[in-house]
Each structure stands twice: as structure tokens, then as C-alpha cells.
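Remarks on the structure that follows.
The values are calculated or read from the model by the stated rules, or taken from the named source; none is laboratory data. Quick caveat, the model's predicted, so the values are computed rather than measured. No Cβ is skipped: glycine too gets one built from the backbone with ideal geometry, and neighbour counts run over all protein chains shown.
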Amino acid sequence: MSRFLCVLVCTVVFATFSIIDTKAGETSIRIGTGGKTGVYFPTGGAICRLVNRGTKAHGVKCTVESTGGSVYNLKAIRAGELDFGVAQSDWQFHSHKGSSKFAEDGPFEELRAVFSVHPEPFTVVARLDSGIKSFDDLKGKRVNIGNPGSGQRGTMDVLLAAKGWTTKDFELVTELKSTNQARAVCDNKIDAMVFTVGHPSGAIKEATTLCETVLVEVSGAAIDELIANNPYYRSATVPGKMYKGNEADTKTFGVGATLVTSSKVSEDVVYNLVKSVFEKFKRFKRLHPALGILKQEEMIKDGLSAPLHDGAAKYYKEMGWM
């Protein structure tokens with residue numbers, strides 16, 4: 001009887017470990033994004049949605065996390081706190097090189113590019129009654145420059161330096177996250193907000209719907225010089241009629257959103273993520289309006305200053321794209 005009980009218990013224990021082994025064999029990955037009213041969060045969600053449709057086949061389970069944005073995501077990937085992250089093309093460049101906001105960290109040599117996503121114009125939204133019609137009109141105004149660690153804040157800092165400005169040139173500076181800035185504009189707590197974001201943006205739609213606002217042109221010699229001297233910047237336009245009260249196109253400059261990871265993430269995991277997205281590419285483009293203009297041939301090269309991850313390169317070569 002004792003022997004029988006032992007066999008029974010051992011069988012149960014073995015079965016239990018078999019279940020644990022099966023679950024342990026499922027690889028969980030985390031994608032860092034940005035604020036929930038921006039485009040990074042739904043972009044990460046779209047990627048995870050397609051990956052998770054095939055979890056039973058490839059064993060990869062994907063979750064999306066709302067974070068502080070580009071700079072935070074790059075630092076978290078380096079620290080091993082995230083597996084993937086959405087980041088502006090300029091901050092991908094600086095993280096890999098160890099420049100700008102990443103100078104103290106040094107070059108992130110293990111950083112790897114996966115693919116680029118939507119374009120991100122630098123967008124300024126101002127209250128209509130503020131009298132702000134150009135970027136230069138922001139002087140002496142109340143401006144939200146973005147939370148530390150976000151891409152919008154980083155780009156704003158670069159632009160201020162290019163124009164020879166400091167935050168002291170504003171009457172008031174706030175560091176609100178993207179989820180709070182539209183409400184601050186419409187509650188008359190600030191005159192303008194800046195956002196480096198894909199369009200249409202939930203936060204900008206909120207600001208243009210709740211109160212009378214205008215998109216502000218960002219142009220001039222300083223902008224032209226930034227574009228000429230930095231390969232990750234480009235001229236950009238926010239289409240007219242996309243937002244209430246803004247009938248004309250708005251000229252500005254911008255970057256591109258990119259998906260990045262580390263060389264420490266396995267080739268199989270990255271390969272299966274990329275395959276999940278591109279095998280259902282039409283579905284991916286339908287998951288958010290900002291993704292609708294994407295082209296596969298551009299996604300595998302535009303804005304990617306870090307080396308391609310081996311898993312991504314493997315899939316692109318299989319498809320004959322490289």
C-alpha cells in the first residue's frame with residue numbers, strides 16, 4: 001500500500017512538473033510604449049495582439065506596458081526591465097552612440113533595431129485665444145514641454161538648444177505627461193503643449209475637440225539646420241482637416257517611431273514577433289489609423305541607426321527584402 005501511495009504521489013508530482021514545464025516553455029515578452037492617449041501604446045498593443053494570436057504555435061506571449069516614452073524605454077531595455085520598446089528614431093541613434101541624453105550611460109552596443117513604424121511630426125497645439133501662430137510666439141507663454149524621459153521632452157530640449165532658448169524664456173513650464181496635457185490646455189492652465197507623435201493622436205484630438213485650439217507651424221532656419229545635420233530628422237506635415245478647427249496643412253519637422261530590442265533577446269523570439277506582424281500586415285495596418293500608411297520596404301530600413309537584430313534580419317532575408 002505504501003508503495004502504491006508512493007507511485008501515486010510520484011505520478012502526481014511528475015504531472016505537476018510537466019504542467020509547469022509547459023508553462024515555463026512559453027516565453028513572455030514586454031513592450032514598453034508611452035502614454036495611453038498617444039500612438040505608442042496602441043502600436044505596442046497591435047504588435048502584441050498579432051503575436052498572441054500565434055502563441056500556441058511559437059510559444060511567445062506578449063504584453064504591452066504604458067511607460068514614460070522613448071528615453072525611458074531605451075534605458076529600461078538596457079537595464080533588462082523591458083524586452084522591446086517603441087522609441088523615436090533620434091533617441092535610438094543617441095542611445096546606440098551614447099550621445100545627448102545617453103552620454104553618461106555610454107554607447108548601448110547591444111541595442112538592436114527591429115523595424116520602424118509610423119512617422120512622428122513634432123506638433124505644437126496652442127489655445128486659439130493665446131495669439132500663438134508660430135513656434136517663436138511661444139516665448140513668454142505657458143508651455144507644457146513634456147515629462148522627463150519622454151521623446152517629446154527630448155525633442156523639445158533639442159529644439160530649444162538649436163534656437164538658443166532655455167525654459168526661462170517661457171512664463172511657465174510644466175512637465176505633464178501626454179495623458180494630462182490636453183486637459184491642461186482646455187482648462188487654461190497652459191497656453192500650448194508640444195507632442196512628438198503619430199497622427200491622428202488621441203491627445204491632440206481631445207485638445208482640438210474640447211476647446212478652440214490651433215496647430216502651430218514649426219519652421220525656420222534653426223529647423224532647416226537640424227534637418228540638414230541630423231539623418232534622423234525630416235520635414236513633416238500634419239494634414240489639414242484631420243483635427244477640428246485646423247483646415248490647412250501644418251508644416252513642421254519630425255522623426256519616426258521605431259521598435260527596438262537588445263541582442264540579449266533570442267533570435268527565435270524576435271523572428272516570431274516580426275513574422276507575426278508581417279504575415280498579417282494588412283490586419284496590422286488596420287489596428288490604428290497611424291499605421292495605415294506603412295510600407296514594408298520602408299519599415300525595414302527607415303530610421304534604423306542601430307544594427308538589425310539577427311532574428312529580424314533572418315525574416316527579411318527569407319522574404320527577399322534584403
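Return a yes/no flag: does segment 150-159 have any residue that is surrounded by fewer than 16 Cβ atoms within 10 Å (Cβ to Cβ) and either assigned by TED's automatic domain parsing to the domain that holds Leu74 or out of contact with any strand residue (DSSP E or B) (no Cβ under 8 Å at 6 or more places or on another chain) (or both). Taking every residue of segment 150-159 in turn, none turns out to be surrounded by fewer than 16 Cβ atoms within 10 Å (Cβ to Cβ) and either assigned by TED's automatic domain parsing to the domain that holds Leu74 or out of contact with any strand residue (DSSP E or B) (no Cβ under 8 Å at 6 or more places or on another chain) (or both).
Output yes when any residue across segment 99-117 is closer than 16 Å to Leu259 by Cβ, crowded, with 16+ Cβ neighbours inside 10 Å, touching a residue at least 12 places away in the same chain (Cβ under 8 Å) and of a type in the set (Lys, Arg), and no when none is. Taking every residue of segment 99-117 in turn, at least one turns out to be closer than 16 Å to Leu259 by Cβ, crowded, with 16+ Cβ neighbours inside 10 Å, touching a residue at least 12 places away in the same chain (Cβ under 8 Å) and of a type in the set (Lys, Arg). When restricted to residues that are hydroxyl-bearing (Ser, Thr, Tyr), in contact with a strand residue (DSSP E or B) (Cβ under 8 Å, 6 or more places away or on another chain) and modelled with pLDDT under 95, segment 175-228 contains 4.
Does Lys280 meet the test of being surrounded by fewer than 20 Cβ atoms within 10 Å (Cβ to Cβ) and under 19 Å from Gly59 (Cα atoms)? Judged against the criteria, Lys280 is a match. Quick check: anything in segment 260-273 under 15 Å from His118 (Cα atoms), of a type outside the set (Gly, Ala, Ser) and at pLDDT 95 or above? Looking for residues that are under 15 Å from His118 (Cα atoms), of a type outside the set (Gly, Ala, Ser) and at pLDDT 95 or above, one finds at least one in segment 260-273, hence yes. Which residue, of Ala228, Ala161, Ala236, is out of contact with any helix residue (DSSP H, G or I) (no Cβ under 9 Å at 6 or more places or on another chain), among the hydrophobic types (A, V, I, L, M, F, W, C) and not in a helix (DSSP H, G or I)? Going through Ala228, Ala161, Ala236 in turn, just one is out of contact with any helix residue (DSSP H, G or I) (no Cβ under 9 Å at 6 or more places or on another chain), among the hydrophobic types (A, V, I, L, M, F, W, C) and not in a helix (DSSP H, G or I): Ala236. Filtering Thr43, Thr63 for residues that are of a type in the set (Val, Ile, Thr), under 14 Å from the mean Cα position of the chain (by Cα), within 24 Å of Ser201 (Cβ to Cβ) and outside the structural domain of Val197 (by TED's automatic domain parsing) leaves a single hit, Thr43. Residues in segment 58-77 that are closer than 23 Å to Lys36 by Cα and either part of a helix (DSSP H, G or I) or of a type in the set (A, V, I, L, M) (or both): Val64, Ser70, Val71, Tyr72, Asn73, Leu74, Lys75, Ala76, Ile77.
Look at Phe93 and say whether it is assigned to a loop (DSSP other than H, G, I, E, B), crowded, with 21+ Cβ neighbours inside 10 Å and assigned by TED's automatic domain parsing to the domain that holds Lys301. Against the criterion (assigned to a loop (DSSP other than H, G, I, E, B), crowded, with 21+ Cβ neighbours inside 10 Å and assigned by TED's automatic domain parsing to the domain that holds Lys301), Phe93 does not qualify. The set of residues from segment 118-139 being among the small types (Gly, Ala, Ser) and touching a residue at least 60 places away in the same chain (Cβ under 8 Å) comprises Ala126, Ser130, Ser134.
If the condition is being surrounded by fewer than 17 Cβ atoms within 10 Å (Cβ to Cβ), over 19 Å from the mean Cα position of the chain (by Cα) and assigned to a loop (DSSP other than H, G, I, E, B), then segment 166-187 contributes Thr166, Glu171, Asp187.
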